[in-house]
Amino acid sequence: MKFGVSLTFSVALGAPLLEQGPYAERLARTAEESGLDSIWFADRTVYPADLVARYPDRWGPGRSDPRGQDVLEPVTALSFVAGMTKTLKLGFSILVLPLRHPVLNAKMITTLDVLSGGRVIFGAGVGWMPEEFEGMEADFKTRGSVTDEHIEMFKALCTEEVLEYTGRHFQISGKTFFPRPVQSPHPPVWIGGNSSAALRRAVRLGDGWFPIGLTPEELAAARHRLRRLCEEEGRDPDAVLLALSLPLHLGRPQRGADGGRRPLTGELSDIVDDVARYRDAGLEYLVFSVPSEDRAYTVEAIKRFAEEVVNP
């Protein structure tokens with residue numbers, strides 16, 4: 001199993017803007033020096049000013065901190081991180097493709113792959129917040145088909161000498177694209193999302209499936225379905241990597257609705273056991289985040305997880 005750290009929540013939760021860059025650098029260097037495989041940034045453009053009132057089950061007292069939505073733009077942020085690291089893979093968790101044009105987006109992704117020496121993991125998804133689509137003047141209803149074509153076109157841009165692609169939403173003909181990525185045939189495409197549609201998209205178009213928050217038992221069941229769908233589509237089940245994103249609360253147990261301890265929370269011994277259960281369930285890649293505004297705690301949690309779990 002490989003491990004990465006995600007800055008899915010804002011890099012320095014609630015901190016002044018001028019502290020974001022130095023803190024991102026500190027976390028990137030900590031991740032690389034600790035032997036982690038990757039670092040990940042999320043994607044958010046705008047959200048409603050009354051976010052907590054609209055989504056009380058997700059944000060607000062006892063829930064996630066709404067300041068965690070104040071994320072940095074991920075292509076820019078990962079370019080910043082790429083320049084100060086040598087081996088750390090650069091992951092998108094995830095890019096909301098319907099908010100971006102496939103040609104310009106591909107240009108940015110392949111440029112990052114070239115400049116980083118082939119370190120990009122292209123996490124891709126459809127998005128879920130209607131208000132964000134409204135703010136970006138994008139069609140929420142067609143986001144699934146737009147995402148499919150975006151991925152298909154990305155692969156064509158990375159591999160075809162003379163582009164010929166005709167879809168419902170995007171078309172290109174007789175054009176040449178550059179730069180080609182370092183990774184061949186293209187940076188791995190991981191499909192984010194827990195829905196059945198996301199799972200099917202991973203089978204059809206992805207190199208990996210990247211859900212969030214599943215328990216080991218849920219993951220085992222999802223892995224079985226993933227492999228069955230691959231066989232139905234004529235794909236090698238081992239061709240689609242199984243990844244998972246989870247928050248890490250080291251020393252801070254979190255309880256679910258049933259009162260049970262949530263995975264990757266609590267004492268280190270419990271977390272070690274959790275990771276073993278995920279490995280037994282077939283997990284190949286675990287990406288953890290540390291949702292805390294205590295920056296010293298976050299750095300220490302990354303180091304301890306790497307020392308005791310990744311490289312014991």
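Okay, residues lined up against (1) within 13 Å of residue 201 (Cβ to Cβ); (2) surrounded by fewer than 19 Cβ atoms within 10 Å (Cβ to Cβ); (3) not hydroxyl-bearing (Ser, Thr, Tyr):
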{"site": "112", "(1), (2), (3)": "no, no, yes"}
{"site": "115", "(1), (2), (3)": "no, yes, yes"}
{"site": "118", "(1), (2), (3)": "no, yes, yes"}
{"site": "123", "(1), (2), (3)": "yes, no, yes"}
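So in the stretch 77-107, with the set limited to residues that are charged (D, E, K, R) and farther than 15 Å from residue 187 by Cα, which one is surrounded by the fewest Cβ atoms within 10 Å (Cβ to Cβ)?
First, the residues of the stretch 77-107 that are charged (D, E, K, R): 86, 89, 100, 107.
Retained after the next criterion (residues that are farther than 15 Å from residue 187 by Cα): 86, 100.
Numbers: 86: 9, 100: 21.
For the stretch 77-107, the residue satisfying everything is 86.
Filtered by the rule that a residue be hydrophobic (A, V, I, L, M, F, W, C), over 17 Å from residue 219 (Cα atoms) and either touching a Cys at 6+ places or on another chain (Cβ under 9 Å) or assigned to a helix (DSSP H, G or I) (or both), the stretch 247-271 gives a lone residue, 268. Of the numbered criteria (1) in contact with a strand residue (DSSP E or B) (Cβ under 6 Å, 6 or more places away or on another chain); (2) β-branched (Val, Ile, Thr); (3) over 26 Å from residue 290 (Cβ atoms), the one residue 111 fails is (1). If I ask for residues that are charged (D, E, K, R), under 26 Å from residue 119 (Cβ atoms) and part of a helix (DSSP H, G or I), which ones from the stretch 180-206 would you list? Scanning the stretch 180-206 gives 201, 204. Looking only at residues in the stretch 200-215 that are more than 13 Å from the chain's Cα centre (by Cα) and crowded, with 20+ Cβ neighbours inside 10 Å, the one that is nearest to residue 121 (Cα to Cα) is 206. Of all residues in the stretch 138-196, those satisfying the criterion of being β-branched (Val, Ile, Thr) and in contact with a strand residue (DSSP E or B) (Cβ under 8 Å, 6 or more places away or on another chain) are 147, 151, 162, 166, 172, 176, 189, 191.
For the stretch 246-263, the candidate set comprises residues that are under 21 Å from the mean Cα position of the chain (by Cα) and within 14 Å of residue 214 (Cα to Cα); within that set, the residue that is surrounded by the fewest Cβ atoms within 10 Å (Cβ to Cβ) is 262.
Scanning the stretch 264-285 for residues that are of a type in the set (Gly, Ala, Ser) and surrounded by 14 or more Cβ atoms within 10 Å (Cβ to Cβ) returns 266, 281, 282.
Does residue 11 qualify as being of a type outside the set (Gly, Ala, Ser), part of a helix (DSSP H, G or I) and buried (at least 17 other Cβ atoms within 10 Å of the Cβ)? No, not satisfied.
Filtering the stretch 207-246 to residues that are out of contact with any Cys (no Cβ under 8 Å at 6 or more places or on another chain), farther than 17 Å from residue 286 by Cα and outside any helix (DSSP H, G or I) leaves 234, 235. Consider the stretch 180-189 and keep the residues that are in contact with a helix residue (DSSP H, G or I) (Cβ under 8 Å, 6 or more places away or on another chain) and surrounded by 13 or more Cβ atoms within 10 Å (Cβ to Cβ). The one that is nearest to residue 233 (Cα to Cα) is 189. Residues of the stretch 286-312 that are in a helix (DSSP H, G or I), surrounded by fewer than 21 Cβ atoms within 10 Å (Cβ to Cβ) and polar (S, T, N, Q): none at all.
Scanning the stretch 34-75 for residues that are touching a Leu at 6+ places or on another chain (Cβ under 9 Å) and farther than 19 Å from residue 12 by Cα, we see that the one that is surrounded by the fewest Cβ atoms within 10 Å (Cβ to Cβ) is 58.
Can you pull out every residue in the stretch 131-179 that is surrounded by fewer than 17 Cβ atoms within 10 Å (Cβ to Cβ), of a type in the set (Lys, Arg) and in contact (Cβ under 8 Å) with a residue 12 or more places away in the chain? 155, 168, 175 - these are the residues of the stretch 131-179 that are surrounded by fewer than 17 Cβ atoms within 10 Å (Cβ to Cβ), of a type in the set (Lys, Arg) and in contact (Cβ under 8 Å) with a residue 12 or more places away in the chain. Within the set 51, 36, 78, the sole residue that is touching a strand residue (DSSP E or B) at 6+ places or on another chain (Cβ under 7 Å) and modelled with pLDDT under 95 turns out to be 51. Checking the stretch 219-230 against the condition returns a match, with at least one residue being within 28 Å of residue 120 (Cα to Cα), touching a residue at least 40 places away in the same chain (Cβ under 8 Å) and surrounded by fewer than 18 Cβ atoms within 10 Å (Cβ to Cβ).
The values are calculated or read from the model by the stated rules, or taken from the named source; none is laboratory data. Being a predicted model, the structure only gives us computed values, none of them experimental. Positions of Cβ are backbone-derived with ideal geometry, glycine not excepted, and every protein chain shown enters the neighbour counts.
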